[in-house]
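Written out below as structure tokens is the structure these notes cover.
Where a number appears in this text, it was derived from the coordinates with a stated rule and is not lab data. None of these values were measured; they are calculated from a predicted model. Positions of Cβ are backbone-derived with ideal geometry, glycine not excepted, and every protein chain shown enters the neighbour counts.
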Amino acid sequence: METITIEIKNPKARRLIDNLVNLGIIVLKDSQPSRAELWERVDKQLPQTESDIAEEEIMEEIRTYRMEKKTE
């Protein structure tokens, strides 16, 4: 099986493709979204924070976490 992408420039071509689908010769599949589109979908689902976290605060959290792991 071979997968190709076709850009249709003429409506008659679309009818030909639809006829091939109806005959069971080909199958049309939705194109896969790009990584940017996937990230955009995921990002919309993530909670949006309104407060900015400083880099130093993040580093302090990492240091605290690492210290806790060392003592375990």
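The table that follows gives values for the structure above.
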{"read-out": "Verdict on E40 being of a type in the set (D, E, K, R) and either loosely packed, with under 10 Cβ neighbours inside 10 Å or touching a residue at least 40 places away in the same chain (Cβ under 8 Å) (or both)", "value": "no"}
{"read-out": "The range 1-22 residues that are without any contact (Cβ under 8 Å) to a residue 12 or more places away in the chain, paired with ones that are in a helix (DSSP H, G or I) (beta carbon under 7 Å, 6 or more apart)", "value": "I8/R14"}
{"read-out": "Criterion (more than 26 Å from I6 (Cβ to Cβ) and among the charged types (D, E, K, R)) met by exactly one of E37, E72", "value": "E72"}
